[in-house]
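Student: My structure is below; once you've seen it, I'll send some questions.
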Amino acid sequence: MDYDQRIRSTILNLCKKRGPEKTICPSEVARNLFPSDWRRHMDEVRREARTLAARGDILITRGSNLLDPNAPFGGPIRLRMRLPVE
């Protein structure tokens with residue numbers, strides 16, 4: 001598994017574990033994969049979160065607002081699984 005895929009897999013696993021009604025912070029992913037220097041990897045985690053959101057696997061939110069993964073944004077974000085479609 002390559003580096004980026006490992007990040008994406010961890011994002012998906014943590015989001016699934018938390019459930020579709022709850023969110024995770026990107027720092028949880030970085031801390032899980034890179035415990036000693038997690039801050040250094042935050043940009044990579046955010047980049048891979050954008051990739052997953054663009055593919056429709058997860059959602060990126062800020063508060064109650066859904067963020068477009070293709071639009072520029074900064075600041076705190078949260079990640080969650082998409083709600084199942086019935």
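Only the coordinates and a few stated rules stand behind these numbers; no lab work does. If you're wondering where the values come from, they're calculated on a predicted model, not measured in any experiment. Positions of Cβ are backbone-derived with ideal geometry, glycine not excepted, and every protein chain shown enters the neighbour counts.
Student: Would you calculate the separation in nanometres between label points at Lys17 and Ala54, each defined as 7 Å from the Cα along the Cα-to-beta-carbon direction?
Tutor: For Lys17 paired with Ala54, the spin-label model returns 2.7 nm.
Student: Which order do the peptides 21-34, 54-67, 1-14 come out in when sorted by mean C-beta neighbours inside 10 angstrom, highest first? Numbers along the way, then the final one.
Tutor: Working: 21-34: 17.4, 54-67: 13.7, 1-14: 15.3.
Averaged packing, sorted descending, gives the order 21-34, 1-14, 54-67.
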